Amino acid sequence: MTGLISALKGCTSPNVYNEVPDGGWGWLVAAAFFFVEVFTYGIIKIFGIFLQDLMTDFNETNSRVSWVISICVFVMAFTAPLSTLMSNRFGYQPVVMLGGLLISLGTITTALTNSIIEMYITMGIVAGLGYCLTFLPTVTILLQYFSKRRSLVTSIASTGECFSLVALAPAMNALKEQIGWRNCLIVIGVMQASIIVCGALLKPIVIKPKPAATEGSTSPLKEPESKYDLENEITRTSIGSVDSGVQSVTSSQINLSEGQDSTEQDSAEKKALKKQEVEEQAVVPETTLKQKREDSSVSRAKLLDFSVLRDASFNCYALFGLFATLGFFAPQLYVIELSVSRGVSRDSATYMLSAMAVAEILGRLSMGWVLNRRPIRKIYILLICTVLLCPVLVIFTFVNEFWGLMSCSCFYGFLLGTVASSHIPMLAEDDVIGIQRMSSAVGVYVCIQSFAGLAGPPLGGFLVDRTDNYGSAFYSCAAGMGVGALFLGLVRPAKSGLCLRRRRKEQQTTDRDSSSQGNDDGPADFVEMDMEIDNSPAKSKPWPV
């Protein structure tokens with residue numbers, strides 16, 4: 001029993017490093033994120049293999065069945081602040097393990113439903129909430145384990161959803177033909193329970209930099225130096241003295257007249273200065289303790305922080321995610337029907353999704369390799385890929401043959417992989433929000449993004465119904481991607497303007513402090529004090545000869 005308790009403590013105890021490890025336990029976290037991608041976004045993308053069966057068994061239309069995925073994606077993204085709140089309060093491990101349990105439970109109960117309304121609850125709400133509690137904490141802690149290799153590792157690990165399209169989609173389709181769609185969903189739900197094991201691998205990380213070498217308080221040179229300063233503070237040179245240290249006759253006569261009174265005054269001044277030094281030494285530790293308490297209270301992370309909405313660069317980036325999401329899901333839903341409407345057989349049209357998935361893997365890996373190079377402004381690379389997506393989506397509507405549609409699918413998959421693998425990790429860059437506020441920003445960002453995930457597929461379906469042309473859905477995706485690229489281009493100027501205003505404000509504050517210090521009355525100069533002494537009535541009397 002004791003061994004089991006110690007093993008559990010070892011699994012939950014944080015990993016402490018002096019700096020970001022860029023490896024170590026982070027590789028296990030990356031492997032966990034890969035399987036989380038397979039059983040979250042990957043299952044959402046391959047859910048289309050069940051659409052025809054659901055329409056037949058429940059006697060429902062295509063649009064009503066498609067709302068299952070729309071509700072699931074919306075709940076997954078809209079509840080992102082809840083995921084952030086629970087992760088900051090309870091840690092990443094229990095939250096992800098709870099999410100894995102909800103995903104498995106929601107998928108298995110979906111196989112037991114008797115109506116599409118019940119499926120809205122089981123797959124849309126229960127499983128969607130599990131997807132949220134699983135995906136965001138995993139990607140957040142993965143970014144904390146890597147710094148230099150962050151872009152490359154996240155790109156490789158995020159290929160899990162593409163692996164699901166390439167491998168799981170045909171395997172589950174063949175299994176469905178053998179055992180039926182309900183039993184197939186049960187098999188998928190059991191496989192998704194492995195996310196609980198992945199959540200157990202997400203050990204928290206603590207970075208404790210090595211303390212810098214500080215000068216000891218008991219230096220052997222400190223006491224003689226302080227005594228020397230004390231003697232120079234007490235023994236003040238009069239205006240009648242010269243650089244050689246030989247006093248003039250006037251100053252000698254004055255010193256003789258003062259006699260014993262001067263010696264008593266010097267000893268009193270020494271005692272007063274020593275008392276002042278003791279008081280200062282007692283005040284310094286108290287001030288340091290208060291400063292440490294203030295720093296700890298400031299550095300304590302909030303459970304849910306919406307202050308990122310006051311950052312202009314984050315607002316521009318969130319609007320980019322809102323509009324760009326319109327082009328994430330609709331093309332994959334309608335590319336097969338678009339190909340069939342252009343004269344391609346349905347069997348051949350299914351290859352569009354496979355080609356899109358393979359190209360997406362290459363895009364994610366290429367984006368990771370490019371962003372891992374130094375020096376490079378990563379947000380500009382993301383902007384270029386987003387802008388290129390717009391003409392590719394438009395070209396879809398002009399192509400009428402198999403190989404043309406296949407080429408567009410490959411280009412779209414490649415560019416989609418570059419954007420999808422980097423738009424969330426880009427929040428950790430200083431151009432957007434920074435790694436310190438990443439955990440709070442990602443929840444707010446995905447929550448804003450959720451509205452586009454909910455409205456994207458129904459908007460495409462509405463345009464298709466009104467125009468009787470599947471190409472109109474691609475036009476709406478291209479328009480959304482173009483507006484998103486516009487806001488993405490404003491992120492860097494907004495950040496630069498904010499930093500410039502902060503510098504000007506700090507400079508004004510510094511100038512104001514320096515001017516106020518210049519106006520303060522400082523201690524009297526030694527020369528002025530000696531001049532006042534020499535001009536005193538006692539010293540103006542001539543010395544008897």
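The values are calculated or read from the model by the stated rules, or taken from the named source; none is laboratory data. Keep in mind the model is a prediction, meaning the values are calculated, not measured. Here the Cβ positions follow ideal geometry from the backbone for every residue, glycine too, while neighbour counts run over all protein chains shown. In case anyone asks, the SASA skips ligands and DNA or RNA and just uses the protein heavy atoms, side chains included. Shrake-Rupley method; radii C 1.70, N 1.55, O 1.52, S 1.80 Å.
Over the alpha carbons of region 305-505, what is the largest minus smallest coordinate on each principal axis, giving the biggest first in Å?
Dimensions of region 305-505 along the principal axes of its Cα atoms: 64, 37, 24 Å.
How do 336-348, 75-87, 401-413 rank on mean C-beta neighbours within 10 Å, highest first?
Packing proxy ranking, top to bottom: 75-87, 401-413, 336-348.
Report, to the nearest whole %, how much of the accessible area of region 305-505 belongs to carbon and sulfur atoms, 1.4 Å probe, protein only.
Result for region 305-505: 65 percent of the exposed heavy-atom area is carbon or sulfur.
Classify region 12-210 as rounded, prolate or oblate, taking a ≥ b ≥ c as the square roots of the eigenvalues of its Cα gyration tensor: rounded when a/c is under 1.5, otherwise prolate if a/b is larger than b/c and oblate if not.
prolate
Please give the net charge around residue 39, taking every other residue with its beta carbon less than 13 angstrom from that of residue 39, where Lys and Arg add +1 and Asp and Glu add -1.
The answer is -1.
Long-range amide H contacts for residue 15: which residues qualify at under 5 Å (H placed 1.01 Å from N, peptide plane, sequence gap of 5 or more or a different chain)?
Placed amide hydrogens put 205, 206 under 5 Å from residue 15.
Any idea of the accessible area per residue across region 12-210, 1.4 Å probe, to the nearest Å²?
On a per-residue basis, 40 Å².
Ordered by residue, what ³J(HN,Hα) values in Hz, to whole numbers, does region 150-159 give under the Karplus form 6.51 cos²θ - 1.76 cosθ + 1.60, where θ = phi - 60° and Gly and Pro are x?
4, 5, 5, 5, 5, 5, 5, 5, 7, 6
Share of Cα-Cα pairs in region 447-487 beyond 10 Å, in percent?
71 percent
Tell me, what is the FRET efficiency for residue 187 and residue 19 to the nearest 0.05, using R0 = 41 angstrom and their Cβ-Cβ distance as r?
0.40
Which whole-Hz couplings ³J(HN,Hα) result when phi for each residue of region 421-433 is put into the Karplus expression 6.51 cos²θ - 1.76 cosθ + 1.60, θ = phi - 60°, listed in order with x for Gly and Pro?
Result, ordered by residue: 7, 10, 6, 7, x, 5, 4, 6, 7, 5, 5, 10, 9 Hz.
Taking θ as phi - 60°, what are the ³J(HN,Hα) couplings along region 65-81 by the Karplus curve (6.51, -1.76, 1.60), each to the nearest whole Hz, with x for Gly and Pro?
Each residue of region 65-81 in turn: 6, 5, 5, 4, 6, 4, 5, 4, 5, 5, 5, 4, 8, 5, 8, 4, x Hz.
Of the accessible area of region 12-210, with the probe set at 1.4 angstrom, what percent is carbon plus sulfur?
That fraction is 67 percent.
What distance in nm lies between label points placed 7 Å from Cα along the C-beta direction at residue 309 and residue 351?
Label at residue 309, label at residue 351, 5.0 nm between them.
Simple spin-label model, 7 Å along Cα-to-Cβ: residue 373 to residue 114 in nm?
6.1 nm
How would you rank 477-483, 490-496, 19-25, highest first, on the average number of other Cβ atoms within 10 Å across their residues?
Result, highest mean Cβ count within 10 Å first: 477-483, 490-496, 19-25.
Suppose R0 equals 35 Å; then what is the FRET efficiency for residue 468 and residue 173 from their Cβ-Cβ distance, rounded to the nearest 0.05?
0.75
Of 148/208; 176/203; 45/208; 203/495, which ones are farther than 30 Å apart at the Cα?
Check vs 30 Å cut-off fails for 176/203; 45/208; 203/495.
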